[in-house]
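The values are calculated or read from the model by the stated rules, or taken from the named source; none is laboratory data. All values derive from a computational prediction rather than experimental measurement. Because the Cβ atoms are built from the backbone with ideal geometry, glycine has one as well, and the counts that use them run over all protein chains shown. All accessible areas refer to the heavy atoms of the entire protein, side chains included, with ligands and DNA or RNA removed. Shrake-Rupley method; radii C 1.70, N 1.55, O 1.52, S 1.80 Å.
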Amino acid sequence: LFKKKNHFLEKDNFDHELVFVLETAQGLHIFCGCAHNGILNTIATVKKYMGEKEIKTIFGGFHLTDRNEFFRTESFQEIKTIASEIIKMTNGAICYTGHCTGEKSFAVLSTVLNTQIRNLKTGSFIEIEE
């Protein structure tokens, strides 16, 4: 991805990405936007700053848009690998994703994450255990 600076395009350093973590007695809950720099990088950053505390849930887009002719997207195998890494990195966190996670990508993620992945849509109400 690129960003415009002084009428030129330069590689995006993703310094605008937002992520926050809610820590409860049950563990960590990660909230992110589109995860343009990769959901695995987002999880790794949380682990770097929060240590090895258990990650219970992840809320946000995974920036895994469905394939199209305009730009390169992850292959189905790459998406399966991402899902496997989420399991390893979080020891089974529940993932609530939507927005920039395409329907086909969601279906591929579901083949690995099974019930650990759920759609997050406008108006969703999810209770976080305290």
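For this structure, a couple of remarks:
- Single match in 73, 42 (criterion: open to solvent by less than 40 Å² (accessible area, probe 1.4 Å) and touching a Cys at 6+ places or on another chain (Cβ under 8 Å)): 42
- Candidate set from the stretch 2-17 (those that are modelled with pLDDT of 80 or more and assigned to a loop (DSSP other than H, G, I, E, B)); member that is farthest from residue 48 (Cα to Cα): 7
- Flag for residue 20 being open to solvent by 30 Å² or more (accessible area, probe 1.4 Å), closer than 26 Å to residue 2 by Cα, out of contact with any His (no Cβ under 6 Å at 6 or more places or on another chain) and in a strand (DSSP E or B): yes
- Of all residues in the stretch 18-43, those satisfying the criterion of being at negative phi, out of contact with any Gly (no Cβ under 9 Å at 6 or more places or on another chain) and at pLDDT 90 or above are 20, 21, 22, 23, 24, 25, 26, 28, 29, 40, 41, 43.
- Filter result (in contact (Cβ under 8 Å) with a residue 12 or more places away in the chain and surrounded by fewer than 13 Cβ atoms within 10 Å (Cβ to Cβ)) within the stretch 1-17: 1
- Which numbered condition residue 105 fails, given (1) open to solvent by less than 30 Å² (accessible area, probe 1.4 Å); (2) among the hydroxyl-bearing types (Ser, Thr, Tyr); (3) more than 24 Å from residue 124 (Cα to Cα); (4) under 14 Å from the mean Cα position of the chain (by Cα): (3)
- When residue 81 is tested against the conditions (1) surrounded by fewer than 18 Cβ atoms within 10 Å (Cβ to Cβ); (2) in a helix (DSSP H, G or I); (3) modelled with pLDDT under 95, the lone failure is (3).
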